[in-house]
1. Can you tell me which residues in region 143-165 are out of contact with any helix residue (DSSP H, G or I) (no Cβ under 8 Å at 6 or more places or on another chain) and buried (at least 19 other Cβ atoms within 10 Å of the Cβ)?
2. Among the helices (runs of 4 or more DSSP H) lying completely within region 459-541, list those that include at least 3 residues that are surrounded by 23 or more Cβ atoms within 10 Å (Cβ to Cβ) and touching a residue at least 12 places away in the same chain (Cβ under 8 Å).
3. Would you call Glu188 under 30 Å from Val83 (Cα atoms) and either in contact with a Pro (Cβ under 8 Å, 6 or more places away or on another chain) or of a type outside the set (Ser, Thr, Tyr) (or both)?
4. For region 94-135, what are the residues that are within 27 Å of Ser262 (Cα to Cα), more than 16 Å from the ligand (Cβ to nearest atom) and charged (D, E, K, R)?
5. Considering each of Ser312, Ser346 in turn, give the residue that is outside any helix (DSSP H, G or I) and in contact (Cβ under 8 Å) with a residue 24 or more places away in the chain.
6. Identify, please: which residue in region 367-392 is in contact with an Asp or Glu (Cβ under 7 Å, 6 or more places away or on another chain) and more than 20 Å from His446 (Cα to Cα) and is, among those, farthest from the ligand (Cβ to nearest atom)?
7. Where in region 136-191 are there strands (runs of 3 or more DSSP E), lying wholly inside it, with at least 3 residues that are away from the ligand (no atom under 15 Å from the Cβ)?
8. Residues Ala438, Ala448, Ala427: which one is in contact with a helix residue (DSSP H, G or I) (Cβ under 7 Å, 6 or more places away or on another chain), in contact (Cβ under 8 Å) with a residue 60 or more places away in the chain and buried (at least 20 other Cβ atoms within 10 Å of the Cβ)?
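The values are calculated or read from the model by the stated rules, or taken from the named source; none is laboratory data. Remember, predicted model here, so these are calculated numbers, not experimental data. When we count neighbours, we look across all protein chains shown, and the Cβ atoms used for this are built from the backbone with ideal geometry, even at glycine.
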Amino acid sequence: MPESAVQALALPPAREPDGAPALRGDVRAFLAEQVFVPRCDAWGSAWGWSPPFSRALAARGWIGMTWPRRYGGAGRSALDRYVVTEELLAAGAPVSAHWVADRQTGPALLRFGTEEQRERFLPAMARAEWAFAIGMSEAGSGSDLASVATRAERVDGGWRVEGTKKWTGGAHVADFFVVLCRTSPPGEDRHAGLTQLIVDLRSPGISTRPIRLMHGVHQWNEVRLDGVFVPDGMILGEVGAGWGQVVAELANERSGPERVLSTFPLLAAFAAAAEAEDDPRVLTALGALVARLAALRRLSLGVACALDEGRSPEVQAALVKDLGTAFERDVVEAARAARPFLRRGSDARLDELLAQAQLSTPGFTLRGGTTEILRSIVARQLVSAALPGVDELAGRAVEPSGDGPLGRAMAIAEAAEVVLDLALVHARTREQFGRPLARFQAVQHHLAVLAGHVMFARAAVDCGEEVAKICTSAAAGEVVRLGHQLHGAVGYSDEHPLHRFTRPLWAWRDELGTEGEWAARLGGRMAGGELWARLSPAGGS
Ligand SMILES: Cc1cc2nc3c(=O)[nH]c(=O)nc-3n(C[C@H](O)[C@H](O)[C@H](O)COP(=O)(O)OP(=O)(O)OC[C@H]3O[C@@H](n4cnc5c(N)ncnc54)[C@H](O)[C@@H]3O)c2cc1C
C-alpha cells in the first residue's frame, strides 16, 4: 500500500541529458544568427509563425529530432528535444509554424500511422515544408470533445466528411490538419466510433473563415468541410479508435516546457529592467518568480523523464500544466504590479512585452484542456489512490532535520503530504447530502490544487536551500488553508490530528526567514540581463 497519495503521482528523478550544456550552447549560437523579435507565447500564436525560421531550425536537425533517421529525424532522445525546446521558448523564438507537426502530429504518425504515411509526411515535416493544424474543437464541442458532430461516411475508396471545426489555429496557413470525427453513431460508449483523418487543407469542399482574437490578430479559423473526400490512405490509426489516439496526443500536448515558459521573455525583460539595489517590492517579486520557475522546470523535466522511460504520465502532465500555466499568468501580474517601483522608471521593451503577454493570458488556461478539466483528471487519480488510515497518518512524526533552511523546507514538504492524505481520507469517508464529499466537483478541485502545492513543494526541496525555502514557505500557507477548508469544523478542533501538521507548517514557513525575505535576496542577485543564461549555463560543443 502506498504511504502517501503523492506516491501515486511520483515522477522519476529529473535529470538533464548528458551534454545538455553543450546542446544549449549550440542552440544559443544558432539563435544569435537568426533575426527575430523575441515575443511571449511565440509557440502557440500567429506572431510566432515564421516558415524561414522553421526551415533554418530544420536544417540543424532540430525538428523531428527524436524521430528515426529513416524518416528524416535525428534519432536523438526526448530529453535532448526537451533542452532544445526550452532554449527556443526562453528566447521567444518564432516556432509556431512547425510546432504542431513536431510536437504532436509527427509522434502520432510514428505511433499510429501506416508506413506509407510516415514516409510521405515525416521527412517533409522534419524539413519544415509542411505545417499541420489541430482539428479537434467545434462550436458545440470544447471540453466535451467526444461530442464532436463532424461525420465521415464511407464512400468508394475513402470517406466523405461533413462538419465544421472551430478555433483551428493556423488553418489558413497550414497544409494539413488532423480532424477528429464520427465514423459511426454514438452508442452506449460515447468514446467509441471516433476516428482521426489527415485532411489536406486545399481539398475541394474546404472553406475557411478567419476568427480574430480579441486584439484583432488572425490566428483561429472556422473550417467547414462540405462533403470533403478523404482517401482511405489518410485515416490516421484505426477506424473507430480515435478517442484513445486523441488522449495520447493530448498527453504530448500538455506535458512540454511550453506550459511553463510562454511568458519567460517577459520575466527576462523584468529582470533586465531591475537593479540589485531596487525597491524590495521589485526584488521580492523577481526572486519569487525565479524560485517558482526553478521548481516548475524540475517538475516539467520529471514528466519528460517519465515519458522518456516509456511511462504514460497523463495525470502528472495535467497537474504540471495547471501549475505551469498559472505561473505564466502570474509572471504578467507580478511584473505589472511591481513595474511602477522600478528605480529605472519606464522601460519600453518591458512595457511592450507586458502588453503583449497580458493579451495572451486568457488562452493559457484554456488551450490543450482547461484548468477545470485538468483538475478533474488529477482528482480522479487522487480519490482512487490507496491510502493509510487516519490513525496511522496521525502518528507520523515530521520534524526538521538540522537547524538550516533546507531542513525546514523538507519538513514542510513532508507535513504537506500528510495534510493532503488526511484531506483525501476525510473527503472519501465523510458524507454530506447523501454522498462522500469526494464526489463533489468543488471538493475534487480543492484536492487537486492541494496536490499541486504538495508536488511543487517536493520538487522545490531538490533545487537548493534558497529555492526550497521560498517555494515551500509559499506553498505552506495554501496547504494549511485548503487542508482546513476541506476538513470543515472537525479539522479546526483539537480532537482531530490535522492541527499537528498545520500549526508546524505555519511555524516552519516563518522560521529562518519568510518566503518574502528569501525572495528579496534572490531577486537582488537575479536582477540584470541574460537571466536565462544565468539560470541554465551553457557550454561549448
Ligand atoms: C489559444 C487557444 C488555441 C486553441 N487552438 C485550438 C486548435 O488549434 N484546435 C482546436 O481544435 N482547438 C483549439 N482550441 C480550443 C480549445 O481546445 C478549447 O478552448 C478547450 O477545449 C475548451 O473548450 P471551450 O473553449 O469550448 O470551453 P468550454 O468547454 O465551453 O468550457 C467553458 C468553461 O467551462 C468549464 N467547464 C466545461 N466543462 C466542465 C466540467 N465538466 N466541469 C467543470 N468545468 C467545466 C471550462 O473549464 C471553462 O472554464 C484553442 C483554444 C485556445 C484558447
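1. Quick first cut of region 143-165, residues out of contact with any helix residue (DSSP H, G or I) (no Cβ under 8 Å at 6 or more places or on another chain) only: 144, 147-156, 160-165.
Correct list: Val148, Thr150, Ala152, Val161, Gly163, Lys165.
2. Values: elements: 465-487, 499-510, 515-526, 531-535.
Qualifying helices (runs of 4 or more DSSP H): 465-487, 499-510, 515-526.
3. Criteria not met by Glu188.
4. Listed by number, the residues that qualify are Arg127, Glu129.
5. Ser312
6. So the residue we want is Pro388.
7. Values: elements: 151-155, 158-165, 176-182.
The qualifying strands (runs of 3 or more DSSP E) are 151-155, 158-165.
8. Working: Ala438 fails: in contact (Cβ under 8 Å) with a residue 60 or more places away in the chain; Ala427 fails: in contact (Cβ under 8 Å) with a residue 60 or more places away in the chain.
Going through Ala438, Ala448, Ala427 in turn, the sole match is Ala448.
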